1. Scan the range 102-115 for residues that are more than 14 Å from D79 (Cα to Cα) and either of a type outside the set (G, A, S) or loosely packed, with under 12 Cβ neighbours inside 10 Å (or both) and jot them down.
2. Which pairs have Cβ atoms under 9 Å, sit 6 or more apart or on different chains, and link a residue in the range 61-81 that is at negative phi and assigned to a helix (DSSP H, G or I) to one that is of a type in the set (D, E) and crowded, with 17+ Cβ neighbours inside 10 Å?
3. Taking the range 8-42 on its own, how many of its residues are in a loop (DSSP other than H, G, I, E, B), at pLDDT below 95 and either within 18 Å of the chain's Cα centre (by Cα) or surrounded by 14 or more Cβ atoms within 10 Å (Cβ to Cβ) (or both)?
4. Tell me, which residue of the range 51-85 that is surrounded by 15 or more Cβ atoms within 10 Å (Cβ to Cβ) and β-branched (V, I, T) is nearest to F36 (Cα to Cα)?
5. Does A98 satisfy the criteria of being closer than 19 Å to L29 by Cβ and assigned to a helix (DSSP H, G or I)?
6. Answer yes or no as to whether I88 is crowded, with 16+ Cβ neighbours inside 10 Å, out of contact with any strand residue (DSSP E or B) (no Cβ under 6 Å at 6 or more places or on another chain) and among the hydrophobic types (A, V, I, L, M, F, W, C).
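The values are calculated or read from the model by the stated rules, or taken from the named source; none is laboratory data. Everything numeric in this text was worked out from a predicted model, so none of it was measured. A quick note on method: Cβ atoms are made from the backbone with ideal geometry, for glycine too, and the neighbour counts reach across all protein chains shown.
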Amino acid sequence: MQEVFSNDFPKFKAKIQNFIASQHFNERLKHYNKLFDEMSSVAPDDMRKYVEKAPKFLEARNKSLQIMERIVSIHNELDILFKMDKEILGKTYEYDLAKVDKKIAENLKEAAYMIDQFQVYSEIGRKAIEQADSPFFSQAL
């Protein structure tokens, strides 16, 4: 098993490097980390107007933040996995590259779902802000 792993590892590492480059993985990782930092650093006072005028905003914002935290976590897990050397990767995944491929595929599938959900909740939040900023909406209150 270890011999097959050692023989196949260079091809696997090349596949990972190709994935990182073709999918702009490092740029996405930085983007998601920056976005999460920006989202989590917004002071509650800065959101008060929207929370008071559009209660759905807070729910959507909190859900978006929770989802982005998971997106960041998944990408950080993948980053760690991608940077593992042959010895650590072998020991961690029992010298079975199929297990590594499966783990990567599961993480990417979950990340894609989370990104989709993030977009849904972000849109709900945007609409809540638009409503709160609308002079017609505020007159209806």
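1. Filtering the range 102-115 down to residues more than 14 Å from D79 (Cα to Cα) leaves 102, 106, 109-110, 112-115.
Listed by number, the residues that qualify are K102, E106, K109, E110, Y113, M114, I115.
2. Final answer for the pair search is none.
3. We begin by selecting, within the range 8-42, every residue in a loop (DSSP other than H, G, I, E, B); these are 23-24, 41-42.
Filter once more, keeping what is at pLDDT below 95: 41-42.
Among the residues that remain, those that are also either within 18 Å of the chain's Cα centre (by Cα) or surrounded by 14 or more Cβ atoms within 10 Å (Cβ to Cβ) (or both) are: 41.
Matching residues across the range 8-42 total 1.
4. V72
5. On the way: closer than 19 Å to L29 by Cβ: no; assigned to a helix (DSSP H, G or I): yes.
So A98 fails the test.
6. Values: crowded, with 16+ Cβ neighbours inside 10 Å: no; out of contact with any strand residue (DSSP E or B) (no Cβ under 6 Å at 6 or more places or on another chain): yes; among the hydrophobic types (A, V, I, L, M, F, W, C): yes.
No.
For every residue, the table says whether it meets (1) modelled with pLDDT of 95 or more; (2) in contact with a Lys or Arg (Cβ under 6 Å, 6 or more places away or on another chain); (3) basic (K, R); (4) farther than 30 Å from M39 by Cβ.
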site: K91; (1), (2), (3), (4): yes, no, yes, yes
site: D101; (1), (2), (3), (4): yes, no, no, yes
site: E106; (1), (2), (3), (4): yes, no, no, no
site: Y113; (1), (2), (3), (4): yes, no, no, no
site: K127; (1), (2), (3), (4): no, no, yes, no
site: D133; (1), (2), (3), (4): no, no, no, no
site: S138; (1), (2), (3), (4): no, no, no, no
